[in-house]
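A.B. asks: So that we are looking at the same thing, I have put the structure below in structure tokens.
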Amino acid sequence: MISLLISFAVLVIGFFTYGKLAEKVIAPDDRETPAYRLSDGVDYVPMKTWKAFLVQLLNIAGTGPIFGALMGACFGPVVFLWIIFGSVLGGGIHDYMVGMISERHDGKSIAELSGIYLGNGAKWGMRLFSVVLLLLTGTVFVTSPAALIARLTPDTFGVGFWVVVIIIYYILATLLPIDKVIGRLYPIFGVVLITMAVGIFAGIIIGGYTVPEITLHDLHPEGLPIWPYMFVTVACGAISGFHATQSPMIAKCIMSEKKGRTVFYGAMLTESVIALIWAAGGVAFYGATGGLHQALSDVGQSGVVYDISTGMLGVAGGILAIVGVVACPITSGDTAFRSARLILAEITGLDQNKIRNRLVITIPLLGLGAVLTQLDFNVLWRYFSWSNQTLAMISLWVATAYLIKTYPGKKTSLMTALPATFMSAVSMTYILMAKEGLGLSSSIGYPVGTAFACLLFGFYITRLFKNAQG
């Protein structure tokens, strides 16, 4: 339990120290934000800071910091270290930089920002990559809540029924102005989500559960190595490329640049608190990583969430917790499809003020998502996880290029270049070794992944030096 409490403290300290340093690098000012300058009543809508924070939190959270944290906890309490340091040094920086850079470019997507700072080839590559990731994300966040709701309702309303209901809701949330559905529902769900996390933490304490202290030992029952698997398994809660598709959406709504750290960096660290609680709750409830892993295999992620919630909090508390877990993924799924609509609008040039143009993009997009729900969830999750971290890698390199160009001769870009290099090694090593990748041995994956990261860092140093020389 001491390790868990220290982990919470690290996140709080990180917000007021490293987050403040990131803010100093960006140097927010009083310029008019896109929310006012480009206000259209659909996507560019001024939003109060507390509401923007809750919407951003619900956008990025999903089942990621819950399912991912539970699966990551199978490696043991070493996962706490990845969550806190990954978030403070990587995820928070990633979300804040992408959000602020987007805000300074009229709320443009990460794909368009890639084109500005990495070239036209990168732009088209990121357009394709982002839309595919968002489709996978939206699909994952259809199937997982549908499965959980089906456990709580009569057999007449099976998973298929709830998939249809959720997709209908996604169509409305994707089409309507951001303040009509998302802006009204998310603050409520945000309170539920936070209350749910507090409830699980209280259940750990009141129930007398033992949370193991941090150890560097790999405790995964299947013998999966911590590197690189844990760093991909736990994406949301530490660092997630999906967030790079969400921050630009809120960049269109923030009322002041000076609130960016609270909205972007703060939401990321809050998500990490949620991930810590679920990782601790999973190991504590089942007593060991082996028990947690077996439960995940037997009843799936949704079943484990259900069992932990009701087991720790009883029926009343369990209902509250489950409502949070249902709302959490749904409120990321709808914004995943909404972000995909905005990227496709940038590609096609269709004016999104007209509902007809929004329909032209939304209906085929959701239709494809419905087809993807027929695929195996575990397969979708694995590809989603790797795509997530690869997008995070690219987004951090985009932010690095922005800092090099904006602050020539300064080394402030190291703040993004170092986590970008780390994630480059993670992404390459994983796809080389994983079953859904090339399935190569660690004797090949480790050196090639390291060499790839070193190559990119070397290119960064060269670019930095040339830029400093003018």
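A.B. asks: What's the total number of residues in segment 160-170 that are more than 27 Å from Ala35 (Cα to Cα) and either surrounded by fewer than 18 Cβ atoms within 10 Å (Cβ to Cβ) or at pLDDT below 80 (or both)?
C.D. replies: 5
A.B. asks: Residues that are farther than 26 Å from Leu11 by Cβ and within 23 Å of the chain's Cα centre (by Cα): find the helices (runs of 4 or more DSSP H) completely inside segment 141-251 holding 3 or more of those.
C.D. replies: Fully inside segment 141-251 and qualifying: 159-175, 182-206.
A.B. asks: Take the residues in segment 252-268 that are surrounded by fewer than 24 Cβ atoms within 10 Å (Cβ to Cβ) and within 19 Å of the chain's Cα centre (by Cα); name whichever of them is nearest to Gly207 (Cα to Cα).
C.D. replies: Gly266
A.B. asks: Name every residue in segment 292-305 that is small (Gly, Ala, Ser) and either crowded, with 21+ Cβ neighbours inside 10 Å or closer than 17 Å to Val78 by Cα (or both), in order of residue number.
C.D. replies: Ser302
A.B. asks: Among the helices (runs of 4 or more DSSP H) lying completely within segment 11-84, list those that include at least 2 residues that are small (Gly, Ala, Ser) and at pLDDT 95 or above. Talk me through it step by step, then tell me what you get.
C.D. replies: Values: elements: 18-26, 34-37, 49-61, 69-72.
Where helices (runs of 4 or more DSSP H) fall fully within segment 11-84 and carry at least 2 residues being small (Gly, Ala, Ser) and at pLDDT 95 or above, they are 18-26.
A.B. asks: Within segment 352-470, which helices (runs of 4 or more DSSP H) (wholly inside it) include 1 or more residues that are at pLDDT below 85?
C.D. replies: 355-372, 377-406, 442-469
A.B. asks: Of the conditions (1) of a type outside the set (A, V, I, L, M, F, W, C); (2) touching a helix residue (DSSP H, G or I) at 6+ places or on another chain (Cβ under 7 Å); (3) within 24 Å of Ser240 (Cβ to Cβ), Arg151 fails just one. Which one is it?
C.D. replies: Against the list (1) of a type outside the set (A, V, I, L, M, F, W, C); (2) touching a helix residue (DSSP H, G or I) at 6+ places or on another chain (Cβ under 7 Å); (3) within 24 Å of Ser240 (Cβ to Cβ), Arg151 comes up short only on (3).
A.B. asks: Scan segment 160-184 and report the pairs whose first residue is on the phi < 0 side of the Ramachandran plot and whose second residue is basic (Lys, Arg) and assigned to a helix (DSSP H, G or I), with Cβ atoms within less than 6 Å and a gap of 6+ or a chain change.
C.D. replies: So the pair list comes out as Thr174/Arg338; Thr174/Arg341; Leu175/Arg358.
A.B. asks: Quick check on this structure: which one of Thr421, Thr362, Thr390 is more than 25 Å from Gly86 (Cα to Cα), touching a helix residue (DSSP H, G or I) at 6+ places or on another chain (Cβ under 7 Å) and hydroxyl-bearing (Ser, Thr, Tyr)?
C.D. replies: On inspection, the qualifying residue turns out to be Thr362.
A.B. asks: Mind checking which residues of segment 171-198 are under 23 Å from Ala288 (Cα atoms) and either surrounded by fewer than 21 Cβ atoms within 10 Å (Cβ to Cβ) or in contact with a strand residue (DSSP E or B) (Cβ under 7 Å, 6 or more places away or on another chain) (or both)?
C.D. replies: The answer is Val198, and nothing else.
A.B. asks: For Glu346, only one of the following conditions fails: (1) within 23 Å of Gly107 (Cα to Cα); (2) surrounded by fewer than 22 Cβ atoms within 10 Å (Cβ to Cβ); (3) in contact with a Cys (Cβ under 9 Å, 6 or more places away or on another chain). What is its number?
C.D. replies: (3)
A.B. asks: If we keep just the residues of segment 427-470 that are crowded, with 19+ Cβ neighbours inside 10 Å and of a type in the set (Phe, Trp, Tyr), which is nearest to Gln389 (Cα to Cα)?
C.D. replies: Tyr430
A.B. asks: In segment 206-220, which residues are out of contact with any Ser or Thr (no Cβ under 6 Å at 6 or more places or on another chain) and under 27 Å from Tyr430 (Cα atoms)? Spell out how you get there, then give the answer.
C.D. replies: So in segment 206-220, the residues out of contact with any Ser or Thr (no Cβ under 6 Å at 6 or more places or on another chain) come out as 206-212, 215-218, 220.
Within segment 206-220, Thr215, Leu216, His217, Asp218, His220 meet the criteria.
The values are calculated or read from the model by the stated rules, or taken from the named source; none is laboratory data. In this text, all values refer to a predicted model and were calculated from it rather than measured experimentally. In this analysis, Cβ positions are derived from the backbone assuming ideal geometry, glycine residues included, and neighbour counts consider all displayed protein chains.
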